[in-house]
1. Take region 244-269 and flag every residue that is of a type in the set (Asp, Glu) and within 30 Å of TYR371 (Cα to Cα).
2. Give me the residue from region 198-237 that is loosely packed, with under 14 Cβ neighbours inside 10 Å and of a type in the set (Gly, Ala, Ser) and, out of that set, nearest to GLU157 (Cα to Cα).
3. For region 302-321, how many residues are surrounded by 15 or more Cβ atoms within 10 Å (Cβ to Cβ) and of a type outside the set (D, E, K, R)?
4. Quick one: in region 206-237, which of the residues that are of a type in the set (Ser, Thr, Tyr), assigned to a helix (DSSP H, G or I) and over 25 Å from the mean Cα position of the chain (by Cα) is farthest from GLU162 (Cα to Cα)?
5. Going residue by residue through region 342-351, is there one that turns out to be of a type outside the set (Lys, Arg), free of Cβ contacts under 8 Å to residues at least 24 places away in the same chain, within 18 Å of SER199 (Cβ to Cβ) and part of a helix (DSSP H, G or I)?
6. Being outside any helix (DSSP H, G or I) and either among the polar types (S, T, N, Q) or surrounded by 14 or more Cβ atoms within 10 Å (Cβ to Cβ) (or both): is that true of GLN240 here?
7. For the subset of region 261-298 comprising residues that are surrounded by 11 or more Cβ atoms within 10 Å (Cβ to Cβ) and of a type in the set (Ser, Thr, Tyr), which member is nearest to TRP117 (Cα to Cα)?
8. Residue check: is ILE365 farther than 23 Å from LEU294 by Cα and aliphatic (A, V, I, L, M)?
Amino acid sequence: MEEINNNLVSNSDEQTLTNQNISNNTNYSTRADLNHKIIGNAISAYLMIFISWLFLFNKTNKNINNYYVIWHTKSASTIHLGFFITYLVFISNSLLGNLGIFWVSLNIIIADIIFLWLLIALIMWIYRAQKWLEFNIWNHINISNKHSILDINWDWEISEEEKLTIFLSYVPLIWFLNYAKYSENTTIQDSTRFNAFVSIFISLLYLSGYINLANIFCLLYTILISFIWINLFTRNELIQIKLPEFVSASKLHFYIIVWYKYLKYYFSDEKFKDIESIIKNELELIKVNTENDLLELKEKKDLRQAKFLLYIPFINLAFLFIKNTKYSFHKINWIIITLLISIWITTSYFWYTSYNILLLSLFPISFWIWYTKYKLEYKIPFIFDIYLILGKILWFSKTIKDKRKEVNEISLKVEEKMV
């Protein structure tokens, strides 16, 4: 009798557990289905251009009126607004359209670059939405977020010299002459990057004939740096606007190499490496190459002439026949720069290329002049790569020529023996 009761109890317990499992599985299925709907709505926010912002006004549907969909909808609406503003400014109103590069108007080039960047951002954030990753683009202008484009540091305990250095880093053109001395300082990097971006944009407006618009931006920028100066010297508060790293030529060059090697490992038979390991290896490689270059340059002779002349186009041709100096890398830099400027001037007569854009070269030249004083091993990103590519092409053509010569000599010897 006891055994029967025990069996009944055990059967009852098993039935209870079974019912609980069914209930849990049902709840899990419901939650999973709900999550899929929310994720689908978050993804739809990026794809439904100029319509997804209506999600923000929906107060009844729980699959739309929740923090996850709202966050991604705000991010999507910001990207869509970026597409619209870019079209309105550069396509519809043809801002900078009277400047051209090889029959392509500058406004089209800028618009294509911005459109491509926004498209990449759109794809990346769709991926984040699909992976159930929270993301709010507005966090990037929130000063409490370390990734924010706006950063405010309170109560800085720095010297007056450091304050002056930070302030001058916002002054166009003049600061570039002294940047090389502080190029490793992240604060100076951010302010200089923003300074260069604004300076080039305002210069393009002047070159395009938008004088009034350029004057307005000049006034706004002057007010901004004055406000930064007052807060820095009187309240020890530093206000920074941080542009993305890819705005820097050196950072862009670095990440292009990283992604190239990443894809190369994927498509080749070599062992695959993740991004982090490639970045680590590249940083180590740069460090080792820099040390080796410095050791090599220290053994060479100094340059008696004024070093700043190395980066003055066409005047620097006087240094062409001076060899084995400490400024070998800078010499390669200016040879390629002078070659590119010559090509630009030549093509301006045959294609729709605005030669007055060359005035913008004053900005990078002011950077490079002072690199001759503080960085002997400096290789200009992308510029030095042109030299390496040309070297490989010439070496390849020389190799082919030598092989043809060897084949001809062998054929002549064979003919002589046959005779």
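The values are calculated or read from the model by the stated rules, or taken from the named source; none is laboratory data. Just so you know, these numbers come straight off a predicted model, no measurement behind them. All Cβ positions, glycine included, derive from the backbone under ideal geometry; neighbour counts span all protein chains shown.
1. Listed by number, the list holds a single entry, GLU245.
2. SER226
3. Going through region 302-321 one residue at a time, the tally reaches 9.
4. Checked region 206-237; the qualifying residue farthest from GLU162 (Cα to Cα) is SER208.
5. No - not one qualifying residue is present in region 342-351.
6. In short, yes.
7. TYR262
8. Considered against the rule, which asks whether it is farther than 23 Å from LEU294 by Cα and aliphatic (A, V, I, L, M), ILE365 comes out as no.
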